[in-house]
Amino acid sequence: MTDNPDVKLTSPDIERDASFALGWFTQDAGRDTLLSMGNAPHKIQEPTLESEQATLREFIDLERDGIQKTWMIRCGDVTIGATWIDLVENHGVDSPSVHLMIGEPSFRGQGIGGAVMRTMLNYLSESGVRTVYSRHLTSNKAVARLNQEIGFENDGEPYVDED
Ligand SMILES: CC(C)(COP(=O)(O)OP(=O)(O)OC[C@H]1O[C@@H](n2cnc3c(N)ncnc32)[C@H](O)[C@@H]1OP(=O)(O)O)[C@@H](O)C(=O)NCCC(=O)NCCS
């Protein structure tokens, strides 16, 4: 449960969620969503149902291996995004780190991202975690604002990597 009664977090379900994920990335805004998450333009491939199924399968496998924990964000009968915790250091980001994507643009700007992030931080806090990490592109004003409001502080300087 989140503090928004309409927004729930559930385990990934390949059957249920792959077609929603395909919808997020095949619409006009889909490429921008991937870019805003820090995917390098030359690494973005045309999404297919099979590629989305494979991504969900990877989420499930990473959870089984204790590397990542993933929840799908559900609003009513619609899967609108995903949130995950990296349980191990990932590409220079210390663990645990939290990641968030409202894949369906029409659900953005309604406080859902904030509700999900608060839920994730409460979950980690209840598990005894005192420091949580997150990384975002400096150009991503939405998540920069959200994270700052919720209490994240800058740790180190902005940087440019090979992508
Ligand atoms: C970033 C994201 C998670 C924010 O979720 P959201 O549900 O749209 O955000 P909320 O409605 O909870 O808004 C939280 C705060 O961010 C601000 N915000 C939201 N969209 C914004 C935008 N486009 N520009 C500037 N600020 C924005 C809101 O104003 C709000 O601050 P406020 O309470 O002072 O008004 C969502 O837009 C998203 O998933 N985007 C695409 C993927 C992505 O960028 N993920 C993060 C990668 S690190």
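Each reported figure results from applying straightforward, stated rules to the coordinates on display, with no laboratory input. No experiment lies behind these values; they were computed from the predicted model shown. Neighbour counts are summed over all protein chains in view; Cβ atoms, including those assigned to glycine, are modelled from backbone coordinates with ideal geometry.
A Förster distance of 30 Å, applied to the separation of the beta-carbon atoms of residue 160 and residue 107, puts the FRET efficiency at 0.45. In summary, the lysines within cross-link reach of residue 141, defined as a Cα separation below 24 angstrom excluding same-chain residues under 8 places away, comprise 43.
For the range 1-57, the direction-averaged projected area of the alpha-carbon convex hull comes to 4.9 nm². Straightening the chain between residue 6 and residue 145 buys 47.7 nm, computed as 0.36 nm per residue apart minus the Cα-Cα spacing.
If you average 1/r over every pair of different alpha-carbon atoms in the range 7-150 and take one over that average, what Kirkwood value in Å do you get? Don't skip to the answer; put the middle values down first.
Details: mean 1/r = 0.0639 Å⁻¹.
Here the Kirkwood hydrodynamic radius works out to 15.7 Å.
On the beta carbon distance between residue 87 and residue 122, with R0 = 22 Å, the FRET formula returns roughly 0.80. Electrostatic bookkeeping for residue 78 treats Lys and Arg as +1 and Asp and Glu as -1; over the other residues with beta carbon under 12 Å from its beta carbon, the sum is -1.
Using only alpha carbon pairs under 8 Å that are at least six residues apart, calculate the relative contact order of the chain and give it in whole percent. Intermediate results must be reported in sequence, preceding the final value.
On the way: 204 pairs, mean separation 36.2, N = 163.
Worked out over the chain, it gives 22 percent.
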